[in-house]
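What follows is a single structure, written as structure tokens, with notes after it.
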Amino acid sequence: MTSVVSSPPRTIRIGSRKSQLALVQTYWVQEQLQKSYPNITFEVHTMSTQGDKILDVALAKIGDKGLFTKELELGMLNQEIDFAVHSLKDLPTHLPEGLTLAVITERENPADALVVHEKHKDKQIDTLPEGAVIGTSSLRRLAQLRHHFPHFTFKDVRGNLITRLAKLDAGEYDALILAAAGLERLGMGDRVHQVLPKEISLHAVGQGALGIECRADDSEVLSLLKAIEHTETRDRCLAERSFLRSLEGGCQVPIGVNTEISGENLTLTGIVASVNGQKFVKDTVTGLANNAEALGQELAELLRQQGAQEILEEIFAVIQRGS
């Protein structure tokens, strides 16, 4: 009688950036998968990305093609890791050949948040004093805030979340604009002074959600990851990413979105703004959630007809000049 020797369970290697927030997110994914598959070993492997290493230059001037993802993607293509956990807003809409966006996890609050210095604890964003120094590293936030609050002074802020908050508390800024989701995930939700309404700041594409990227031909990993997919978040984010892709915008351009699902319908709102906030186009489309990517394309075309392409071309020209 021939005995059958079974293969030992595969060890799945998860890639992550080394930042505190990235690790919190990655360990959460590891924990969820370990609960679903107790007989499989999931190991976390960390890497530093270009975006983690260059902290003294504004993000828009470095370029945004894989700024926080390229090294992890090379790790997957070289078989060093099996999948990578990304903040979805950092993941380019065009992925390298051989890789795919496997799943999108349930979204935290995608909104932007106002975090203030102690001396402004009695203020909201519309009652901060003229000339208040607002820190942000996002052109999207900068454009929208300049549109609504031209009397503020805006200053770039880089570094991890702890570093940014330390600079705020030291008095270098009157307030910061940060992602509410990142603060919540790090247990710093008490620092959220005000969640900015969508009328003031539409959030980044994919903000608040995690995107899991893996090799397109790894059927085992693709199957395992389905355990942590969140359908509503997936539909919302696919619409947002399609909108961004259709406008050929990267992570560091002033494109903002908001998505809502009601029953079978998805409503997608998007804006494209000039960096100075003076040019601003905005519109909304509604359709079936299972047709999310087509909705994103539809909205992009609507905004093109209103001048979005010209705004983006001006921005790209400025960025390429290094201005």
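Some observations on this one:
- Cβ-based net charge around VAL133, under 10 Å, with every Lys or Arg adding one and every Asp or Glu removing one: -1
- The packing ranking, built from the mean of other Cβ atoms within 10 Å per residue, places the peptides 70-77, 190-197 in the order 70-77, 190-197, highest first.
- Figure note: HIS203, HIS94 ranked by solvent-accessible area, largest first, 1.4 Å probe, ligands and nucleic acids not counted: HIS94, HIS203.
- Share, in percent, of DSSP beta bridges within the range 88-188 that are antiparallel, nearest 5: 50
- Cut-off 10 Å between beta-carbons: net charge of the residues surrounding GLU172, Lys and Arg +1, Asp and Glu -1: +1
- Accessible area (Å², 1.4 Å probe, nearest 10) - GLU31: 90
- Range of Cα positions in the range 171-265 per principal axis (Å), largest first: 51, 31, 30
- Using a probe of 1.4 angstrom and keeping all protein chains present, the accessible surface of the chain works out to 45 square angstrom per residue.
- Solvent-accessible area of TYR37 with every protein chain in place, 1.4 Å probe, in Å² to the nearest 10: 60
- Accessible carbon and sulfur surface of the range 184-247 relative to its total accessible area, %, 1.4 Å: 47
- Compactness of the range 204-323 as Cα Rg over 2.2 N^0.38 Å, two decimals: 1.17
- Under a model in which nothing but the beta-carbon of Lys, Arg (+1) and Asp, Glu (-1) is charged, the range 229-286 shows a dipole of about 300 debye around its Cα centre.
- Percent carbon-and-sulfur accessible area, the range 123-168, ignoring ligands, DNA and RNA, probe 1.4 Å: 51
- Two-site FRET efficiency, HIS151 against VAL192, from Cβ-Cβ distance with R₀ of 25 Å, rounded to 0.05: 0.60
- Entry note, the chain: relative contact order of 20 percent, from Cα contacts under 8 Å with a spacing of 6+ residues.
- Total charge dipole magnitude, the chain, about the Cα centre, Cβ charges on Lys, Arg, Asp, Glu only, Debye to nearest 20: 640
The values are calculated or read from the model by the stated rules, or taken from the named source; none is laboratory data. If you're wondering where the values come from, they're calculated on a predicted model, not measured in any experiment. Neighbour counts are summed over all protein chains in view; Cβ atoms, including those assigned to glycine, are modelled from backbone coordinates with ideal geometry. The area values use the complete protein model at the heavy-atom level, side chains included, leaving out ligands, DNA and RNA. Shrake-Rupley method; radii C 1.70, N 1.55, O 1.52, S 1.80 Å.
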